[in-house]
Amino acid sequence: MEQILLFLLVCICEQGLSASAPKEVHGILPKSKTKGVDFCGVDKYYYIVRSDLGCYLRSTNFNAGEDLEIFGLHNAVRGGDHYLAHSDDLFYVIKGDSYRRVTNLNADSDSVVYTLHPNCQNGDHYFSHDKYFYIIFKKKGVYRRVTNMHEDLDVVQKPLHPKAKDGLYYWGIKDHIYLVKPNSKWGVEYHRMDDFSNANPSTFSFHASVLNFLPGGVSINHGKAFGVWQPVKTVSNNAKISVAWEQQIVRKVGYEKKEMHSMEHNWKVSSSVTVGAEGLTKLLLTAQISLTAEYGGTKIDSKDEAWSDATEVSEKVSFTLPPNSNIYFWQYKLGLGKVDVLYCRDLAFTDDSKPPTFVPLPSAAD
């Protein structure tokens, strides 16, 4: 009996030692939860539009991270519901029941506005492949293919292949259709299909420099965002009487540039991006921090904090400390993974060693 109990105990211990905590999986923000963010493609180029950042990324290979260049997005084409590029070398920006057709997203060149045919409205995803426009209606589980979205010409409507139903984003070029898959233990991947009848798509991962440009991608590369209070200084009064104190509180405030500078290494940033490469990195970081925990964020709006380079600042603080008591000074900081990114300006204090329970920054908008 004792041998049996010993054997069971050993088995339980071995299982406990070998078991590891499940890896927390968070993904990129799907198109259904954002506005002005989309993929499109034409000829040899793939595009990711980040209307929220005022720019778009162009590449010839998302998997290898080749020819990564970022351009400014013209104000007239920002805030679109959908973006697609067609074989006629034109870009289409859909807003509500109409679309704007331009030759250049950076300059709003040769713009013309058309209404969408009623049958082509209210799609969940729009993209172009070969000479056709595709409109995906996810709830219906179908796609509609036309040669003209204004007149609804040459219509074909078919059920979506099961392997094409769960795309977060879709785009196409002449020879292929692409869709971004939900995040898994293998990370963020995209499928390539010849058409929607293809049951065996090819699968690719995103290069890290491309992933950084996706909403939620920064946390996948660098770790989930966090916001915590860190202790700055403790002052004690061990006397039996109250003591008036005047202290200089020295702390670091601002953006820890050196920790995130690597994000910019593989990008060629056009002069049309007015904030420049470093400014774009800051925009990506504030966007990442503002997301919910499901997508690696903190739901904190940090855009009004001091995003200038981190530097030490000194602040004079006067207070009266009661007998046999302590005062603890705290500073809030934001970061990714295990790296501190932003040291916030405001100080807080407590009368015990427990950090404050409030967040000193506003919540990000939904």
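None of the figures in this text is laboratory data; all of them are computed from the coordinates on show. These numbers come from a predicted model, not from an experiment. Don't worry about glycine lacking a Cβ; one is built from the backbone with ideal geometry, like all the others, and counts go over all protein chains shown.
Overview of values
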read-out	value
For the range 42-53, 3J(HN,Hα) per residue [Karplus equation, 6.51 cos²θ - 1.76 cosθ + 1.60, θ = phi - 60°, Hz, x = Gly/Pro]	7, 6, 8, 9, 10, 10, 10, 9, 10, 4, 5, 9
Restraint check, K257/K303; K138/K299; K333/K354; K181/K268; K233/K303; K140/K165, Cα-Cα greater than 21 Å	K138/K299; K181/K268; K233/K303
log10 of Debye I(q)/I(0), alpha-carbon scatterers only, for the chain at 0.08, 0.10, 0.13 Å⁻¹	-0.53, -0.73, -1.02
Helix 276-290 axis, angle to the chain major axis (alpha carbon atoms, nearest 10°)	80
Percent RCO, i.e. relative contact order, over the range 272-366, from Cα pairs under 8 Å lying at least 6 residues apart	25
The chain - percent relative contact order, Cα under 8 Å, separation 6 or more	15
Charge dipole (the chain, unit charges on Cβ, about Cα centre) - positive-most of A364, S128, Y328	Y328
Translational D in µm²/s for the range 31-215 (Stokes-Einstein at 25 °C, 0.890 mPa s, Kirkwood Rh from C-alpha pairs)	150
0 to 90° range, to nearest 10: angle between helix 2-18 axis and the chain longest Cα axis	70
Alpha-carbon centroid distance for the pair the range 79-95 / the range 337-366, whole angstrom	41
Only Lys, Arg (+1) and Asp, Glu (-1) charged, at Cβ; the chain dipole about Cα centre in debye	440
Structure-based [θ]222 nm, the chain - -39500 (n - 2.57) summed over DSSP H runs of at least 4, per residue, nearest 500	-3500 deg cm²/dmol
Nonlocal amide H pairs with D124, under 5 Å, H built at 1.01 Å	I136, F137, K138
